[in-house]
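Contents: one structure, followed by commentary.
The values are calculated or read from the model by the stated rules, or taken from the named source; none is laboratory data. Since the structure is predicted, the reported quantities are computational estimates derived from the model, not experimental observations. As a convention, Cβ positions derive from the backbone with ideal geometry for all residues, glycine included, and neighbour counts pool all protein chains shown. In case anyone asks, the SASA skips ligands and DNA or RNA and just uses the protein heavy atoms, side chains included. Shrake-Rupley method; radii C 1.70, N 1.55, O 1.52, S 1.80 Å.
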Amino acid sequence: MPFDYETLKIIWWGFIGVLLIGFALTDGFDLGVGMLLPFVGRSDGERRVVINTIGPTWEGNQTWFITAGGALFAAWPLLYGAAFSGFYIALMLVLFALFFRPVGFDYRSKIADPRWRSTWDWCLFAGGFVPSLVFGVAFGNLLLGVPFHYDDTMRMEYTGDFFALLNPFGILAGLLSVAMLALHGATFLQVKTDAEVARRARAAAMIAALIVIGLFIGGGVWVANGIQGFRITAMPDPNSAFMPLAKTVCTAAGGWMANYVRWPATAAIPAVALLAALGSFLASWRRLALTAFLASGTAVAGIILTAGVTLFPFIMPSSSHPASSLTVWDAVASQKSLGLMFWIVVIMMPVVILYTSWVYRIMRGKVTLAHIRDNEHGAY
């Protein structure tokens with residue numbers, strides 16, 4: 001085994017982060033484009049242009065989400081069980097919202113009825129908006145803590161409900177997620193479209209960037225001053241296998257700032273996220289489409305990394321029984337499992353990235369109204 005157990009635990013924390021960022025960077029702009037569809041496309045032709053910017057690649061992007069779910073199950077089985085139990089209704093809401101996307105893409109243009117097409121346009125909007133909102137609300141509630149606990153036989157009990165997730169901070173985090181992915185989708189549309197669609201996407205990107213900056217700063221101030229953070233006060237050797245109840249955890253005002261105090265360099269991550277969002281605004285204003293898209297992607301990655309660094313080593317804190325909180329150290333699979341999966345990831349991840357890059361190279365270029373007219377029956 002090339003790594004000890006503690007190192008593998010940290011490596012897999014990084015792998016899960018890469019998968020989540022990969023999902024947000026690829027399928028994230030798909031969700032953003034779906035949210036913007038009814039607003040940046042005014043005519044049927046313009047809306048078909050918008051849909052066809054993501055139509056050829058959205059299914060491949062969706063696999064990042066599926067892979068992230070599989071990785072959670074394999075690497076962090078306790079988290080998988082707790083999250084899919086506690087967030088069951090929220091996750092089902094995401095699943096049913098995502099159903100609108102394949103059906104909407106395939107059937108929207110089958111009937112030349114304005115009401116039929118408009119209905120599917122709003123379904124595609126819901127398929128982008130609802131998952132973006134729910135993912136953000138879920139991350140916000142992780143910082144607040146989730147009401148669950150384990151008994152002495154390690155049976156998990158969740159004592160909250162769906163509506164408790166819709167608290168003020170959770171909603172703020174959800175709106176940040178919506179604005180973040182809308183920004184990423186709008187900058188993608190600037191790259192892939194022209195004329196009026198690109199102009200409206202540029203305006204949407206500038207508005208979304210300002211909202212992202214405001215909500216991100218507001219959320220950071222809230223986390224630093226108004227939310228109880230979690231701290232591990234005692235636990236077994238992190239290089240060993242142990243159950244969550246073997247540690248002790250306390251809460252403290254401003255506790256989520258501890259990692260930034262311990263590792264001052266990590267403060268660069270939220271700073272980069274803010275600067276990238278501002279850069280995306282400025283690049284959109286100056287009509288630098290590709291620069292705006294790269295900046296929005298950097299902002300997305302920076303915001304997700306900020307959440308991860310703030311939580312570390314926690315991955316699902318418990319608000320009702322802090323000792324039951326799940327961390328990088330105690331929610332993981334066995335050392336042998338993590339070691340075997342490490343090599344699978346090292347071999348397969350570059351293949352996936354290279355294949356994805358090749359697909360986008362093949363599908364490069366703008367989608368225009370002329371393209372839609374020339375491919376009336378072949379385009380979405």
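Odds and ends about this structure:
- Charge dipole (the chain, unit charges on Cβ, about Cα centre) - positive-most of Leu36, Ala307, Pro77: Leu36
- Annotation: amide H-H contacts under 5 Å for Gly254 (H modelled 1.01 Å from N, sequence separation of 5 or more, or interchain): Ile227, Gly229.
- When each of the peptides 265-277, 318-330 is scored by how many other beta carbons lie within 10 Å of its residues on average, the order from highest to lowest is 318-330, 265-277.
- Charging the Cβ of each Asp and Glu at -1 and of each Lys and Arg at +1, and nothing else, the dipole of segment 225-380 about its Cα centre rounds to 380 debye.
- Close Lys pairs in the chain, defined as Cα atoms under 25 Å apart and 8 or more places apart or on different chains, number 6.
- By average C-beta atoms within 10 angstrom, highest first, the peptides 20-32, 74-86: 20-32, 74-86
- For Val261, the solvent-accessible surface with a 1.4 Å probe is about 110 Å², rounded to the nearest 10.
- Helix axis angle, 268-285 relative to the chain longest principal axis, alpha carbon, degrees: 10
- Spacing of the two label points (7 Å from each Cα toward its C-beta) at Leu210 and Ala112, in nm: 4.1
- The chain: angle of helix 289-311 to the longest principal axis, Cα-based, in degrees nearest 10: 20
- Across the chain, the mean sequence separation of Cα contacts (distance under 8 Å, 6 or more residues apart), normalised by length, yields a relative contact order of 24 percent.
- For segment 96-190, the relative contact order works out to 29 percent when only alpha carbon pairs closer than 8 Å and six or more residues apart are counted.
- Accessible surface of Met156 - all protein chains present, 1.4 Å probe, nearest 10 Å²: 60
- Gain on full stretching of the segment that runs from Thr248 to Val221 - 0.36 nm per residue minus C-alpha separation: 7.0 nm
- Degrees separating the helix 58-75 axis from the principal Cα axis of the chain, which is the longest one: 10
- Net dipole in debye of the chain [+1 Lys, Arg Cβ; -1 Asp, Glu Cβ; about Cα centre; nearest 20]: 1080
- Total charge dipole magnitude, segment 106-250, about the Cα centre, Cβ charges on Lys, Arg, Asp, Glu only, Debye to nearest 20: 580
- When nucleic acids and ligands are ignored and a 1.4 Å probe is applied, Ile211 ends up with an accessible area of around 80 Å².
- Sorting His371, His184 by accessible area puts them as His371, His184; the probe is 1.4 Å, largest comes first, and only protein heavy atoms count.
- Estimated [θ] at 222 nm from DSSP helical runs (n ≥ 4, -39500 (n - 2.57)) normalised by residues in the chain, nearest 500: -24000 deg cm²/dmol
- Cα gyration tensor category, rounded, prolate or oblate, for segment 50-93 with a/c compared to 1.5: oblate
- In terms of its alpha-carbon gyration tensor, the chain comes out prolate; a/c meets the 1.5 threshold, and the first ratio a/b outweighs b/c.
- Between the residues Cys250, Pro238, Gly214, the greatest Cα displacement towards the positive end of the dipole of segment 176-305, with unit charges on the Cβ of Lys, Arg, Asp and Glu, is found for Gly214.
- For Ser318, the amide hydrogen comes within under 5 Å of the amide hydrogens of Val146, Ser325, Leu326, counting only partners 5 or more places away or on other chains and with H modelled in the peptide plane.
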